[in-house]
Amino acid sequence: MSLRKTLTALSRPPSPISAVNLEAAEPSRSSQITFRPRKLRRVSLDDLNPSPTTITASPLSSKSTVDIALRHLLISDELLGGVISAHNTPPVFESTSTPFLSLARSILYQQLATKAAKCIYDRFISLFPGGESGVLPESVISVSAVDLRKIGVSGRKASYLHDLAGKYKSGELSDEMILEMSDGELTDRLTSVKGIGVWTVHMFMIFSLHRPDVLPVGDLGVRKGVKDLYGLKNLPGPLQMEQLCEKWRPFRSVGSWYMWRLIESNKTSNTKLSK
């Protein structure tokens with residue numbers, strides 16, 4: 001499919017259900033968490049001064065940060081700029097759940113269709129007084145694997161939830177620590193939790209922590225988007241992804257968001273052509 005046709009399709013209103021909109025599908029949160037500004041590395045947009053500069057950027061939950069990201073991406077990558085210009089709706093990152101609750105939810109949703117996962121998640125939340133606000137490490141530990149299996153949680157996922165809660169209880173992890181860690185430190189620490197891999201960490205950093213510069217090199221949708229955007233014959237691997245998307249820094253999370261939108265548009269256009 002040509003990029004021109006893709007951009008035309010992107011100009012239409014987006015589908016109300018998005019495969020990447022992981023947090024938008026969540027129930028409303030009863031607790032909120034404050035995200036602090038983070039120092040990022042940004043490549044200067046001035047060609048006469050290409051040396052990196054250090055900036056202080058708010059998370060993507062800040063509209064001003066998203067606006068800055070869009071301006072940067074429009075200038076730094078002409079092809080991506082075309083996708084951004086054709087898309088009517090800018091990205092929105094609105095999750096208000098605590099890190100612990102987001103991670104527990106990620107575990108519960110793994111390898112399940114959205115409808116089935118939400119059903120199990122709702123049953124899980126009902127186990128705790130106060131609903132989502134009652135999902136705390138100590139309360140999760142107090143729920144036995146047997147009781148978790150009764151609501152549809154597999155034995156393996158029950159062990160994952162208990163391992164996550166145990167690491168919080170032991171002090172190896174905390175919401176405060178997670179907010180302060182660098183992306184690399186966070187990846188190392190969270191992947192030590194049973195059942196949490198790099199892809200889950202990347203999604204967590206983008207949609208729960210709203211970190212601006214995350215490139216999920218293992219995500220199939222983002223890889224397909226990069227392939228289509230640059231007209232590649234094959235899906236790019238991690239190294240090629242890093243090289244091709246380097247120009248998006250320090251807003252690779254936003255660039256990735258548009259790759260998901262690009263793939264959604266391609267699917268919609270192909271469906272219409274097949275009818």
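Of the helices (runs of 4 or more DSSP H) lying entirely inside segment 118-191, those carrying at least 1 residues that are more than 21 Å from the chain's Cα centre (by Cα) are 137-142, 145-150, 155-169. Among the residues of segment 244-259, is there at least one that is without any contact (Cβ under 8 Å) to a residue 12 or more places away in the chain, crowded, with 17+ Cβ neighbours inside 10 Å and not assigned by the TED database to the domain that holds ASP175? Taking every residue of segment 244-259 in turn, none turns out to be without any contact (Cβ under 8 Å) to a residue 12 or more places away in the chain, crowded, with 17+ Cβ neighbours inside 10 Å and not assigned by the TED database to the domain that holds ASP175.
Within segment 216-233, if we keep just the residues that are under 22 Å from LEU186 (Cβ atoms) and open to solvent by less than 10 Å² (accessible area, probe 1.4 Å), the residue that is nearest to the chain's Cα centre (by Cα) turns out to be PRO216.
Restricting attention to segment 88-117 and to residues that are part of a loop (DSSP other than H, G, I, E, B) and among the small types (Gly, Ala, Ser), the residue that is modelled with the lowest pLDDT turns out to be SER95. Of the residues contained in segment 195-204, one or more are found to be farther than 16 Å from LEU60 by Cβ and buried (at least 22 other Cβ atoms within 10 Å of the Cβ). Could you grab me the full set of residues in segment 124-136 that are open to solvent by 60 Å² or more (accessible area, probe 1.4 Å) and closer than 15 Å to LEU161 by Cα? LEU127, LEU136, listed by residue number. The criterion of being in the same structural domain as PHE204 (by the TED database), hydroxyl-bearing (Ser, Thr, Tyr), under 23 Å from SER192 (Cα atoms) and crowded, with 17+ Cβ neighbours inside 10 Å does not hold for SER142. Within segment 74-95, the set of residues being closer than 30 Å to ASP163 by Cβ and surrounded by fewer than 17 Cβ atoms within 10 Å (Cβ to Cβ) comprises GLU94 only.
Once segment 234-243 is narrowed to residues that are within 15 Å of GLY218 (Cβ to Cβ) and not in a helix (DSSP H, G or I), the residue that is most open to solvent (accessible area, probe 1.4 Å) is LEU235.
The values are calculated or read from the model by the stated rules, or taken from the named source; none is laboratory data. It should be emphasised that the depicted structure is a prediction, and the values quoted were computed from it without experimental measurement. A quick note on method: Cβ atoms are made from the backbone with ideal geometry, for glycine too, and the neighbour counts reach across all protein chains shown. With ligands, DNA and RNA removed, areas are computed over all heavy atoms of the protein, side chains included. Shrake-Rupley method; radii C 1.70, N 1.55, O 1.52, S 1.80 Å.
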